[in-house]
Amino acid sequence: MLAACHSDSKPTAIAAPPAAPGAPATAPLASAGGSPDAAYQIFRGQLPGAPDSLTLHLLTTKPLDADAQSVFATYAGADGHPYQLVGHRMADPDSLVLEDISPEKQAAGSNQGPRWRLRRQGTALVGTYQGQPLRLREARPTGALALFVQTFADSVEAFPGKKKSPWGQIEFQAAVPTGGPKALTDNVLRQLNDDSLPGSPVRPLIQIWARQRQQFAASYREAAADSRSDAPADTAAPYGYGLRYQQQVATYVLWNQAPLLSLGYFTYSFSGGAHGNYATHTVSYDTRTGQPLTFAAVFRPDARPRLGPLLEAAVRRTLRIPTGQPLDGPLLVKKIPVTTNFYLTSGGAVFTYGPYEIASYAQGEVSVFIPMADLQPLLLRPNLAS
């Protein structure tokens, strides 16, 4: 997963979509068409030299105060092992440059992976992968759900009406399924509202956004009041860089093939200091029932002791740490803890550790894949993904 970064630029006070943050909504989705410049698409194709085809999940949005789109993508082959791509922003909306950032795809000793240089051609993406020809066609595989993408963004003055007041930025991007059982949409909306209790009310996106913005503005202005600078108002930056707060919330599509929909709920917050903090909470849903597949619903009660060695082996394999080498050299821990932050694919499960859980902030989030064949003895239900 990726961390966002804070910007030096002063934002323009805008909101997307055009509806005001407090406007009422009569349906869980704020509008029928989604936000302009925001879309979720699925593509199929085959990498040069690969033995089988792949499925690419591509989500594009246009962030606040940006001239180019922001891109998040994952892809997987027949084995169900997902890999993550980061998009390099391009001013030309028809151009797309993606880079593999999964450690397994990066050369040893390098933090750069293969690049996909693509251009939209009708409904296809055409270009090169590591310099070799590549063509991906837009598709809707059987069992994949359509998702509605809505973005909201605004800026908040720390000291309303004051000259050279610093600004805080808040962005919220949601991807919500438009098919499947109603319980699925309801549970995704509950998660977006930080309320996963089954019986809790389902809020429309516009209300979720209004709540987030209100809470951000209140906490930002309270913090600003406590740290207000005594510098003269006519200085270039009387309030200092530390008051340029940011909050970003986004939804990523990690897997979308019946009977599973797996989403990543990403949050980033900068409230002064050397860097912001971020995390990705992942959830898989059973598309037949719409219910989230929690750790307790997937794994046997006695799974933890046996899952630990599988996770250590996966971490060593992913980060290229040789067997026998102590973990607390390249990592922050001597033993890999069992995390319940996971999601499912047709071929296995991905477990994600946030910054500082097992690795430094500079190393970022660590996500590892364990094949379903290794997990079968630990599952409450065999063949969970079929």
Considering the range 283-296 alone, what residues qualify as being among the aliphatic types (A, V, I, L, M), out of contact with any Asp or Glu (no Cβ under 7 Å at 6 or more places or on another chain) and closer than 13 Å to S196 by Cβ? V283
Can you tell me which of (1) crowded, with 18+ Cβ neighbours inside 10 Å; (2) not assigned by TED's automatic domain parsing to the domain that holds V253 is the one P133 doesn't meet? (1)
From (1) closer than 30 Å to L54 by Cβ; (2) modelled with pLDDT of 95 or more; (3) out of contact with any Lys or Arg (no Cβ under 8 Å at 6 or more places or on another chain), pick out the condition that doesn't hold for A210. (1)
For the range 341-365, the count of residues that are of a type in the set (V, I, T) and either modelled with pLDDT under 95 or farther than 19 Å from L254 by Cα (or both) equals 1
Taking the condition more than 30 Å from K105 (Cβ to Cβ) and within 22 Å of the chain's Cα centre (by Cα), does R115 pass? no
Would it be correct to say that A38 is crowded, with 16+ Cβ neighbours inside 10 Å, under 30 Å from A274 (Cα atoms) and either modelled with pLDDT of 65 or more or of a type in the set (A, V, I, L, M, F, W, C) (or both)? no
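The values are calculated or read from the model by the stated rules, or taken from the named source; none is laboratory data. What you see is a predicted model, and the numbers here were worked out from it, not measured in a lab. All Cβ positions, glycine included, derive from the backbone under ideal geometry; neighbour counts span all protein chains shown.
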